[in-house]
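The values are calculated or read from the model by the stated rules, or taken from the named source; none is laboratory data. Remember, predicted model here, so these are calculated numbers, not experimental data. Neighbour counts run over all protein chains shown; Cβ positions are idealised from the backbone, glycine included.
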Amino acid sequence: MVLQRAMAFLEEEFRSLLEDCRNNPQSNYDIFLKNSSFNYKNQDQSDQGETESGDFPAYSLEVVTKMNKIACAMISAGYETECCQVYSVSRRIAFNEQMKRLEFEKINMDDVLKMQWETLEGEISRWIKVVKTCSGSLFPGEKNLGESIFSDHPLICRSLFSNLARAVVIQLLDFAEAVSMAKRSAEKLFKFLDVYETLQDLIPAINDSCSHECEHQLTWEIAAACDRIGESAVSIFCDLENSIKSDVAKSPVPGGAVHPLTRYVMNYLKYACEYINTLEKIFEKHAKLERSLPMTSNLSSNDIEKESESPHNFETVESKTPFSIQVVTVMDLLDTNLEAKSKLYRDPSLRYIFLMNNGRYILQKVKGSTEVRQVMGDTWCRRRSTVVRQFHKNYQRETWTRILPCLSHDGLQVNGKVNKSVLKDRFKIFSTTFDEIHRTQSTWVVSDEQLQSELRVSITSVVIPAYRSFVGRFKQYLDSGKVDKYVKYQPEDIETLIEGLFDGNPTSMGRRRSS
Amino acid sequence: MPATTDNQSSFLNRISIRRNQVVAMENHDLELEDLELFQKHVADRFSHILSTTAGNITDPSSATTESPSAAQESCTPPLLSISWFRNLLDTYLCCEAEFKAVLVMGRDPTQFTKTPLDKLIPDLLDRSVKALDICNAVTHGVELVRHWQKLAQIAVTALQQTTIGEGQVRRAKKALNTLLTSMVVDEKENANSNNHGKSTERSWSFGRRGGSGNNNKDRATGNFRSLSWSVAKQWSAAKQIQAMSANLAAPRGGESTGLAMPVYIMSTVLVFVMWSLVAAIPCQERTGLATHFVVPRQLGWAQPMIGLQEKIVEEWKKKEKKGTAGLLEELQKMEKVAQSLVDFADSFQFPLEEEKAAEVAMQVEELADICRKMEEGLVPLQQQVREVFHRIVRSRAEVLDLLDQVGKLSTPVPY
């Protein structure tokens, strides 16, 4: 009887100690905040007392010691169940309050699936914050508290933590599962990957603190949720293929500029590759899954198929992980798509400008991202560089080489005397051709600055010396009054006009000659 | 648990249709046989459950005079007991596996884009998602039951002494009072789903009042209430079931020969399982549950299920007025015994006469037995519910994949 009374009293004491600290949630949080920043700045003064060093829950050392004594007493008196009940319930409520403070609300799976993406995105961000808080401070804090109070009973401590963790984690996982069931679309990829990574971080937070069984169960559950998210992510990423394939243009991009599809795909790849470690993991898992299905075509046989269709990318790429293979597949499709689009240009020169622009954009994007570059490899970069240079050469040949014959010194002299009419013709042809080229090409754009200047330099280096020498050599043979009629441009003028190319702004043709 | 799931999933994956590989069924008769077999198997399985269900629950004479051996009980579990549910969930998983095989194996994929499947399949998927919410509610309901079990355990420990003193009686009484109040309060507050938010606060504020032992009861119940934070506010289990059984109509005439029938059968099985779970385990807001799901009487294969349903509805109606925590057989027994022991505690005088002591000992033994069953069965039950949850999620994904491919097949990609 005495024992019962004593135990009842202790139970109440225990409960009120647990709750009192919790009853003033604002101060709890303040202590938490204050102590976290305190702790951060004063790493040396770690003897401040473990429980006050910024952990949730912020019970003072004194209170914890008291609770520890109560717990020991109750357990040795055979009142273990009562003690654990009080603790469980109290901690559960405290945890709930933390969740509320983080604005976490339970949403039905039904409702999650009905949400618009903008709303869902917000909920996901909130959820990520909650899970991170759990992994980072709530669970470790809970574990510490349990260990302090039930210091002599590690099994009880683990079991209590397990119950709490299980209830909370399954709640959190349900949301992740619901998210993975949402309709898949390209823009969701990054949020999905965030969810995946947040879940992975949860595992270490519970690993050491749970009972063996619980750990096993929760790890399995987290893995299951990750798998689901992973599968969705794979599906979304691979859908990039379809986006590319279905982007069929009827009319070409004006000025041979970088196509919006190129920008979209390359930027998508760049952002995706920021998650490269996670994506590699996810794709590995997916590949394993596919391999275990006897009826389906293996990833490896897919590779062979793809390699034969478009050899050049696969040959040069170094990395052969499932994810890399997917990235290269996307690149291949983009290349093929761009090639098809380039055929829409009737003017071969413009076609090459288009290919050059897009090729260069792709190359720069790859070089600009460490991760993508890692996937594609240096050999690929070199190869692509060569390809772009080839387009450059082709363009040059298409456009400017036809102008050179008129500047040839051959065929102008007959019996040592300069044929004036042929000379006049030559000058005329040159001007006309040049005008035509300039008129056609002045609206063309090369967005990459370096490429732009390279083009101008190479054109200038081909045309100007030839023209200058031609003018210098043969101008004197024209009738003095009629020089202007035939020599429409001075070499400097040509140079200026060429310098104005590829800006996309048609320069005025009014300029005639400088001095 | 993971082992079974893996085996089942790899079996199903072996037969699932992927990418461009569609296996065309040549023999129409074989198809029909498949469908009929499915129907027969479902009927058989439920018939088995019905026939192995032991008498009625809460028959006090059978409870105290006969103590069936554990082995006996597991073969003929009482209606709505933990073992009974474990059988039911197993049955569900088997039916589901077979259903998926029927749905996916060698079907002409264009069937899915035409009536009636073009509406039935989305309905089924929608129903599945609703079932997920119920699985969650049930999982947390089981948590609550485990708490109750622990309280009962206290009473058992206290009263399983050779001589019972006042101290032990007080201890047991305290625990049992908490238990009983919690069971009742839970249901009453459930009935007031609109005030759900408010009642949480109300119970919470009880806890703030200082002092007497009486307060423990209130604080404890307030505390228990907040444990079921785990479902969304305003969510109603009964309404969820109602929503799930909406649009559930047996296919008529020509439709009943195709896939529409298995879809209907599977949907009915799903709703039945969820409905039974909600009836038995404490879930948020269950008023009117009895009328929310009815299986049409004339269906041959459904007779065993109808039989089970009738029994469950009967039990539900009995308890509806009193307000009950849930029809779970062990809970019902627990409530009864707990009440009886509290009565005993109230009138306790030390020392106890032999006759009375023997009576009490028997009741305590019964309570101990219930606790034991719960201890052994609740965690596996929870895991099974989780397994059902995961199966539904996975199946949904597979069906969606299937529909996706069908969509792709019919709209060639322009390139």
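Descriptive notes on the structure:
- When we screen A:L193, A:L173, A:L120, A:L189 for residues that are part of a helix (DSSP H, G or I), more than 21 Å from the chain's Cα centre (by Cα) and outside the structural domain of A:L269 (by TED's automatic domain parsing), the only hit is A:L173.
- Within the stretch A:250-279, the set of residues being of a type in the set (G, A, S) and either more than 22 Å from A:T336 (Cβ to Cβ) or assigned by TED's automatic domain parsing to the domain that holds A:S442 (or both) comprises A:G255 only.
- Applying the criterion of at least 3 residues that are more than 10 Å from chain B (Cβ to nearest Cβ) and touching a residue at least 12 places away in the same chain (Cβ under 8 Å) to the helices (runs of 4 or more DSSP H) found wholly in the stretch A:59-117 leaves A:61-76, A:80-101.
Condition check ((1) part of a helix (DSSP H, G or I); (2) surrounded by 23 or more Cβ atoms within 10 Å (Cβ to Cβ); (3) hydroxyl-bearing (S, T, Y)) across all residues:
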{"site": "A:E147", "(1), (2), (3)": "yes, no, no"}
{"site": "A:D152", "(1), (2), (3)": "no, no, no"}
{"site": "A:S162", "(1), (2), (3)": "yes, no, yes"}
{"site": "A:A178", "(1), (2), (3)": "yes, yes, no"}
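- Among the residues of the stretch A:233-252, those identified as of a type outside the set (S, T, Y) and part of a helix (DSSP H, G or I) are A:A233, A:V234, A:I236, A:F237, A:C238, A:D239, A:L240, A:E241, A:N242, A:I244, A:K245.
- Sub-7 Å Cβ pairs linking a first residue in the stretch A:126-141 that is assigned by TED's automatic domain parsing to the domain that holds A:I203 and of a type in the set (S, T, N, Q) to a second residue that is assigned to a helix (DSSP H, G or I) and modelled with pLDDT of 90 or more, at least 6 apart or interchain, are A:S135/A:D201; A:S135/A:L202, ordered by first then second residue.
- Hits in the stretch A:333-361 - residues which are closer than 15 Å to A:V253 by Cβ and of a type in the set (A, V, I, L, M): A:L334, A:L338, A:A340, A:L344, A:L350, A:I353, A:L355, A:M356
- Counting only residues that are surrounded by fewer than 20 Cβ atoms within 10 Å (Cβ to Cβ), under 24 Å from the mean Cα position of the chain (by Cα) and among the polar types (S, T, N, Q), the stretch A:196-248 holds 5 of them.
- Selection within the stretch A:411-449 - within 19 Å of A:L478 (Cβ to Cβ) and outside any helix (DSSP H, G or I): A:G411, A:L412, A:Q413, A:V414, A:G416, A:K417, A:V418, A:N419
- Total residues in the stretch B:238-249 satisfying the condition of being farther than 14 Å from B:F272 by Cβ and more than 16 Å from the chain's Cα centre (by Cα): the figure is 4.
For every residue, the table says whether it meets (1) among the small types (G, A, S); (2) under 30 Å from A:V258 (Cα atoms); (3) surrounded by 13 or more Cβ atoms within 10 Å (Cβ to Cβ).
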| site | (1), (2), (3) |
| --- | --- |
| A:T440 | no, yes, yes |
| A:T443 | no, yes, yes |
| A:S447 | yes, yes, yes |
| A:E454 | no, yes, yes |
| A:I459 | no, yes, yes |
| A:F474 | no, no, yes |
| A:Y486 | no, no, yes |
| A:P491 | no, no, yes |
| A:T496 | no, yes, yes |
